Number of protein chains: 4
Amino acid sequence: MNEIGVGVIGTGFMGKCHALALGAVKARMGDVPRPLLKVLCDVDEPTVRARADEWGFDRANTDWRSVIADPEVQLVSVTTPNRLHREMAVAALEAGKHVWCEKPMGLTFADALAMTEAARKAPHLKTQVGFNYTRNPAISHARRLIAAGVIGRVHHFTGVMDEDYMADAEIPWSWRCRKAEAGTGVLGDMLVHLISIAHLLAGRIVRVTSEMQTVHASRPMPGGGMGVVDNDDAVQALVRFEGGATGVIGSSRVVWGRKAKLAWEVHGTKGTITANHEHMNDLNLFVAEGDPASRGIRTILTGPAHPPYAEFCPAPGHGLGFNDLKVIECAEFLRAIAGGPPVDYDFEAALAIERVTDAIDRSASEGRPVTVSHPV
Amino acid sequence: MNEIGVGVIGTGFMGKCHALALGAVKARMGDVPRPLLKVLCDVDEPTVRARADEWGFDRANTDWRSVIADPEVQLVSVTTPNRLHREMAVAALEAGKHVWCEKPMGLTFADALAMTEAARKAPHLKTQVGFNYTRNPAISHARRLIAAGVIGRVHHFTGVMDEDYMADAEIPWSWRCRKAEAGTGVLGDMLVHLISIAHLLAGRIVRVTSEMQTVHASRPMPGGGMGVVDNDDAVQALVRFEGGATGVIGSSRVVWGRKAKLAWEVHGTKGTITANHEHMNDLNLFVAEGDPASRGIRTILTGPAHPPYAEFCPAPGHGLGFNDLKVIECAEFLRAIAGGPPVDYDFEAALAIERVTDAIDRSASEGRPVTVSHPV
Amino acid sequence: MNEIGVGVIGTGFMGKCHALALGAVKARMGDVPRPLLKVLCDVDEPTVRARADEWGFDRANTDWRSVIADPEVQLVSVTTPNRLHREMAVAALEAGKHVWCEKPMGLTFADALAMTEAARKAPHLKTQVGFNYTRNPAISHARRLIAAGVIGRVHHFTGVMDEDYMADAEIPWSWRCRKAEAGTGVLGDMLVHLISIAHLLAGRIVRVTSEMQTVHASRPMPGGGMGVVDNDDAVQALVRFEGGATGVIGSSRVVWGRKAKLAWEVHGTKGTITANHEHMNDLNLFVAEGDPASRGIRTILTGPAHPPYAEFCPAPGHGLGFNDLKVIECAEFLRAIAGGPPVDYDFEAALAIERVTDAIDRSASEGRPVTVSHPV
Amino acid sequence: MNEIGVGVIGTGFMGKCHALALGAVKARMGDVPRPLLKVLCDVDEPTVRARADEWGFDRANTDWRSVIADPEVQLVSVTTPNRLHREMAVAALEAGKHVWCEKPMGLTFADALAMTEAARKAPHLKTQVGFNYTRNPAISHARRLIAAGVIGRVHHFTGVMDEDYMADAEIPWSWRCRKAEAGTGVLGDMLVHLISIAHLLAGRIVRVTSEMQTVHASRPMPGGGMGVVDNDDAVQALVRFEGGATGVIGSSRVVWGRKAKLAWEVHGTKGTITANHEHMNDLNLFVAEGDPASRGIRTILTGPAHPPYAEFCPAPGHGLGFNDLKVIECAEFLRAIAGGPPVDYDFEAALAIERVTDAIDRSASEGRPVTVSHPV
């Protein structure tokens, strides 16, 4: 397969992110099918026309069903608000399209399950959920180190994903503050990223004990008065992994000064690995070997030794950026479609994350540990 | 009061730490009663004689009861193994001595309670538990910032105390691995330090949900074979504070590469403060004010603006060390004895920490949240 | 002007960098003329054909003169080895093309001067030299801060550009080790980047006192034996700026562990700004204001408050990468061509850098301070 | 020798530092002669009496000649203003006393030479100059690593000693601003510390090319009006080492935000070592060995593996402080007096530093490179 027709639904942050990754991936990576940007879709016609022109799509469109029905389209990117993911993804799969969907899968676990069942019914189609942070070559290197036994048996994983985009109490109320519309707060929006890393580094989470908080319980309504915030500003959980490791994970949207602190540590019996997305080109490693007087945590700057960094720059330490991770994610999906290795986060693997967040939600509301029932 | 006779029981790490702090405090601080190093006590006579000579004590002794009975001694430092704290501290109080005791208070909550009750019966005597890390001028500055409202209302505290002194599976079994002799593992030995900071910065912990792990379940016995480790290598807890804030705290003695990572974050509605003892002269502050494009987490290097740093050096950033904190702790205790302000961690305040660790121990074994019943 | 035909000469590291920036810039930035990728040129036909296909060029070509002559091409990117820059750039300007040339301008100062003179003769054409690191939004913010007087009068600039790509003595000899072919070593290849930043932050350098070293004086020849290295592995210089500030600058290709340590500090009478490309999304600022006890160097993570970051991501701290800087550089050049504001580094401004490196080269060989004679 | 009578002249920052180090060293180190604090001397009688009482001296005194003449005194600490060092040190040596003198040796090179000549005439007496930063166990470890060839041949040393104690233009004029009284500014006061490290790590400096600046050329006089500052706020120098390495060194007292940034890098053919006193318990090491994909600069936290850290704490990473370095310096001097190994910085070794600073002073005023003529 040399070319693949693409439709992108949504022109927001993630819509642009998908569109530009699709537009750049062939030039960047070389050995991938060439995406043909067939159609871009969003609800506002002037906007979608302008964006389609800028981003290089053949056509603009305000009817997502027609995108899915388009015979020139083989791959559909779903980058709309979470509540729309399920309907679009299921329809696209039913129409025989490969689906690249943003996280989280849907508003509810039921949504995620429905999407996964649609994917199961179409095993010839490929799916992917956009856990872009996991595509960082630093994380891939961490996985290789762990697999090679460099840090021994993993016994603990701890991490956070903290930002401050809702830290200011004066930020107005919006639909994102209402669980019925937005789903959970940071649990579905941010903690999932941390879990997506945890599952790759330490195995699946099988038990959770959690708490959730709403720090700013009401926010100013645009028209005056205060609106109630009923989803989580912060969440924390004690967790257990299927391999026996323990963990602590958390996320907050109200930690002043944190911008993208997706930071984690893996503790092993022979070493430790840590990272923080705010310095996304660093991977920190301690190994218990060599002269004890000269041991220390080292900072590895990613470079050509950490694939696919070399596709971006032949010199180490020069730095990848956030959008580069989406290009990597895109390349891996295109290769999977073309018969290459499967992606890490197809709907089935992403459903495991949704099981965990669902369990965290229940644990927090019920005040007790909850077992995550992954299928055997 | 210009002078105060001192007896120190114990010549280990903490015995030396107390003795040298007592020996240096008058020269360092000036405005404190002068400790007179009357008697040093330990079980091995040649050792205690040698140490008494080096450290400047008038006499050496192997009978702790005689130290307590000594009429020249008004202050007794208890730096022996934890299981001996209770008997010695209670006896010293009953003998009318001020008591400076190392943490944790005893092996069990019952020990700590008994010690506190002895102190309550002698309100004219002063007590102090050695939470030396809290004496860091950086932490005192954090307390002032929080009290002044610089970071707004505190809504979350998170922290760890991680080291790697038991990370190597080949480290032999010792009595420290047996709960009956040593008490809990990191809970009593290390997590208490984090809690001692948490209580000062965020208020008392009133509810805990915890888990404990033993990562290396057995260790080589010195004489061959393997010995069972039955206390905790690691502990984590979700907590609530009396003021409504939430928190996550943990500790581990098996995290390779961490040497004294007593690191914490306080999240407020207007800012954030963080610190890590491994860089103990840094305090990190973010305040949500000024040009948004120029906001960032700043690193404050402690200096003369952070009392009592100036007693150690007139120039900022030159660095205090671990032992300097013990000198500060010592000075505050001496001043309290001389009628100055009370210390932060007398037995009563330290008992609140023991209530929390006791609750964490129960929560971990019972698998459910436990309320900490502080007296009103 | 809505579209502009582009020819790119060179398919190496920088050729790919230019080509992909040109391919992405319209989608990324929106308000720029759309580059039309007309022709890609390099010496090896199969390679240039393959790259042209991947990168989206209409045509491939092995004759650079025909690129310049191409009536569909209005902008020529020169990304070939340094010794070819002069001939190509001058020919392109003479053919009426805008020229985007990689740094350094040429092998010698005479080359740079000839290129600049060609540009002076064609004032309707735009030129740009690829000092991409200066396009970092962090550096733009530093410029705004300095211009606004936030750090007062700048009195000192210090910086390095250190890497380790030649640190290993076993790296074989290549043409890059011979001054006659490659020009100076790190002076022309790396120190120019630091100077390009210094000129924007502290003004032009007017006096230099320098030293150069060749740390590995010979290297293994591919065919056996050792080849002589006759250009600089490292260079250092004491400098003066036209505004009166002093400075120290240096560069080395033999500092183990440094990958892209383009790090600098600006010292002002009211504050300090520092940065290091290895953490390219950080800008560090100290301002002498507010409570002295709470002052510290803050780390600003770039975000939407630092244009044009928002074109890459609506959320702060998520991270730009090396290639994103080239997209910014490209956008600014296209806008300048379309009548927008001039770029910072046209040939004239870049020539000032070449005057400085030429002076450094002379100072090092003559062992005395050398004045840089910028035209008034 | 078990005991040694000590007289300390000066009760300022360094007087306290010496006095408390002398008071603590026996307790801290054990295997050193016990200093007997015989007499403390300063010009103001009430002050010196109060300090002598606090610091534990037998007697207070305002006549330094009587201290030197005191038959109970075998060791004299000279901690007075620099202009008094020569007279006191020479007199003390002539009176048969060991001399521990603060840096720099005197106001001028002639002073330093005279002091050294006095020491040469009394080879049975020990001398030491207080380059306390070099006593950091981190630096001792760096020396061991270099000596063991871990980073190969050293080819470059670079460093600064930057602070901000004179950065504020409003800081009033004082005698420290006048060269005739204070000697050079940062050159003698601060850069000497960096040179003291450089000489231990990279060998002696044999050639310098320097520049000096006065950033705030006048300062407010206490009584009104402005006073002229005629010594250096900042100095920079390109240097060569006797082993062939190159270097760049500098110092400034006007860099806002730097408190004790005594930071340096040693570049070797197989690795790199760096440190910064602001994080004085860290040593950073890169070695070019092992899996290239996992190499990085590691941060070694000092601990018991780095003598004599264990005398301060049995646990690594807990942190030494500035004053602990003075205790180490004191112990080494006492051991040398008692027949142990010589100290690194006796007057002879310190004179080599003075030769370098003298050469830097001349190079800056003459505008040309100056060779440092160390005796063979």
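The values are calculated or read from the model by the stated rules, or taken from the named source; none is laboratory data. None of the values given here were measured: they were computed from a predicted structure. For neighbour counting, all protein chains shown are included, and Cβ atoms are generated from backbone atoms with ideal geometry for every residue, glycine included. Remember, those area values only see protein heavy atoms, side chains included, never the ligands or the DNA or RNA. Shrake-Rupley method; radii C 1.70, N 1.55, O 1.52, S 1.80 Å.
Among the residues of the stretch C:322-332, which ones are surrounded by 24 or more Cβ atoms within 10 Å (Cβ to Cβ) and facing another protein chain (nearest Cβ under 8 Å)? Even if it seems obvious, please write down each step before you answer.
To start, the set of residues in the stretch C:322-332 that are surrounded by 24 or more Cβ atoms within 10 Å (Cβ to Cβ) comprises C:323-325, C:327-331.
The answer is C:N323, C:D324.
Please count how many residues of the stretch D:15-33 are small (G, A, S) and free of Cβ contacts under 8 Å to residues at least 12 places away in the same chain.
First, pick out the residues of the stretch D:15-33 that are small (G, A, S): D:15, D:19, D:21, D:23-24, D:27, D:30.
Applying the additional criterion that residues be free of Cβ contacts under 8 Å to residues at least 12 places away in the same chain yields D:27.
Total satisfying the criteria: 1.
Collect the residues in the stretch B:197-228 that are open to solvent by 30 Å² or more (accessible area, probe 1.4 Å) and among the polar types (S, T, N, Q), keeping them in residue-number order.
Correct list: B:T214, B:S218.
Only residues that are more than 13 Å from chain D (Cβ to nearest Cβ) and open to solvent by 20 Å² or more (accessible area, probe 1.4 Å): list them for the stretch B:249-273, please. Break it down stepwise before answering.
Step one: list which residues in the stretch B:249-273 are more than 13 Å from chain D (Cβ to nearest Cβ), which gives B:249-252, B:254, B:264-273.
Within the stretch B:249-273, B:E265, B:T269, B:K270 qualify.
List every residue pair whose Cβ atoms lie under 8 Å apart, where the two residues are 6 or more positions apart in sequence or sit on different chains, the first residue falls within the stretch A:305-329 and is on the phi > 0 side of the Ramachandran plot, and the second residue, located anywhere, is assigned to a loop (DSSP other than H, G, I, E, B) and basic (K, R).
A:G317/C:R258; A:G317/C:K259
Being of a type in the set (D, E, K, R), open to solvent by 50 Å² or more (accessible area, probe 1.4 Å) and not in a loop (DSSP other than H, G, I, E, B) is the filter here, so list the residues in the stretch A:28-54 that pass it. Show your work before the answer.
Pass one, the stretch A:28-54, residues of a type in the set (D, E, K, R): A:28, A:31, A:34, A:38, A:42, A:44-45, A:49, A:51, A:53-54.
This time we only want the ones that are open to solvent by 50 Å² or more (accessible area, probe 1.4 Å), so: A:31, A:34, A:44-45, A:49, A:51, A:53.
Across the stretch A:28-54, the qualifying residues are A:R34, A:E45, A:R49, A:R51, A:D53.
In the stretch B:13-27, is there at least one residue being away from chain D (no Cβ under 12 Å) and buried (at least 21 other Cβ atoms within 10 Å of the Cβ)? Walk me through how you get there before you give the answer.
First, pick out the residues of the stretch B:13-27 that are away from chain D (no Cβ under 12 Å): none.
No; the residues of the stretch B:13-27 include none that is away from chain D (no Cβ under 12 Å) and buried (at least 21 other Cβ atoms within 10 Å of the Cβ).
Can you tell me which of (1) open to solvent by 40 Å² or more (accessible area, probe 1.4 Å); (2) over 18 Å from D:V129 (Cβ atoms) is the one D:D344 doesn't meet?
Among (1) open to solvent by 40 Å² or more (accessible area, probe 1.4 Å); (2) over 18 Å from D:V129 (Cβ atoms), the lone unmet condition for D:D344 is (2).
Among the residues of the stretch A:33-77, write down those that are away from chain C (no Cβ under 12 Å), among the hydrophobic types (A, V, I, L, M, F, W, C) and within 18 Å of C:M29 (Cα to Cα).
Hit for the stretch A:33-77 is A:V48, nothing else.
Can you name the residue in the stretch D:208-245 that is in contact (Cβ under 8 Å) with a residue 24 or more places away in the chain, more than 14 Å from chain C (Cβ to nearest Cβ) and assigned to a loop (DSSP other than H, G, I, E, B) and is also nearest to D:I353 (Cα to Cα) among such residues?
Out of the qualifying residues, it is D:E242.
If you go through the stretch A:297-321, how many residues are more than 8 Å from chain C (Cβ to nearest Cβ), in contact with a strand residue (DSSP E or B) (Cβ under 9 Å, 6 or more places away or on another chain) and open to solvent by 10 Å² or more (accessible area, probe 1.4 Å)? Can you show your working first?
Going through the stretch A:297-321, the residues more than 8 Å from chain C (Cβ to nearest Cβ) turn out to be A:297-300, A:302, A:304-311.
Cutting the leftovers down to in contact with a strand residue (DSSP E or B) (Cβ under 9 Å, 6 or more places away or on another chain) gives us A:297-300, A:302, A:306.
If we keep only those that are open to solvent by 10 Å² or more (accessible area, probe 1.4 Å) as well, we get A:297-299.
Qualifying residue count for the region: 3.
Looking at (1) surrounded by 24 or more Cβ atoms within 10 Å (Cβ to Cβ); (2) within 14 Å of chain B (Cβ to nearest Cβ), which is the one condition that is false for D:N284?
Going through the list (1) surrounded by 24 or more Cβ atoms within 10 Å (Cβ to Cβ); (2) within 14 Å of chain B (Cβ to nearest Cβ), D:N284 breaks only (1).
Does B:P369 satisfy being touching a helix residue (DSSP H, G or I) at 6+ places or on another chain (Cβ under 7 Å), touching a residue at least 12 places away in the same chain (Cβ under 8 Å) and more than 14 Å from chain D (Cβ to nearest Cβ)?
So B:P369 passes the test.
Could you please find all residues in the stretch D:229-245 being surrounded by fewer than 23 Cβ atoms within 10 Å (Cβ to Cβ) and more than 30 Å from D:A147 (Cβ to Cβ)? Talk me through it step by step, then tell me what you get.
Kept after step one, since they are surrounded by fewer than 23 Cβ atoms within 10 Å (Cβ to Cβ), are these residues of the stretch D:229-245: D:229-231, D:240-244.
Selection gives D:V229, D:D230, D:N231.
Determine whether A:R83 is assigned to a helix (DSSP H, G or I) and within 14 Å of chain C (Cβ to nearest Cβ).
Values: assigned to a helix (DSSP H, G or I): yes; within 14 Å of chain C (Cβ to nearest Cβ): no.
So A:R83 fails the test.
For the stretch C:303-323, which positions are touching a Ser or Thr at 6+ places or on another chain (Cβ under 9 Å) and not hydrophobic (A, V, I, L, M, F, W, C)? Lay out the reasoning, then the answer.
Step one: list which residues in the stretch C:303-323 are touching a Ser or Thr at 6+ places or on another chain (Cβ under 9 Å), which gives C:305-309, C:316-317, C:319-320.
Matches in the stretch C:303-323: C:H306, C:P307, C:P308, C:Y309, C:P316, C:G317, C:G319.
Show the residue pairs meeting these rules: Cβ distance below 9 Å; 6+ apart or different chains; first residue within the stretch D:277-292 and closer than 25 Å to A:H141 by Cβ; second residue of a type in the set (D, E).
Listed pairs, sorted by first residue: D:D282/B:E278; D:N284/D:E265; D:F286/C:D164; D:A288/C:D164; D:A288/C:D168.
Could you name every one of the strands (runs of 3 or more DSSP E) located completely within the stretch C:253-365 that has at least 3 residues being under 25 Å from C:T184 (Cβ atoms)?
On the way: elements: C:261-268, C:271-276, C:282-287, C:297-301.
Here the list reads C:261-268.
Which condition from (1) farther than 20 Å from C:A24 by Cβ; (2) touching a residue at least 24 places away in the same chain (Cβ under 8 Å); (3) of a type in the set (G, A, S) is the one that A:A110 breaks?
Unmet for A:A110, out of (1) farther than 20 Å from C:A24 by Cβ; (2) touching a residue at least 24 places away in the same chain (Cβ under 8 Å); (3) of a type in the set (G, A, S): (2).
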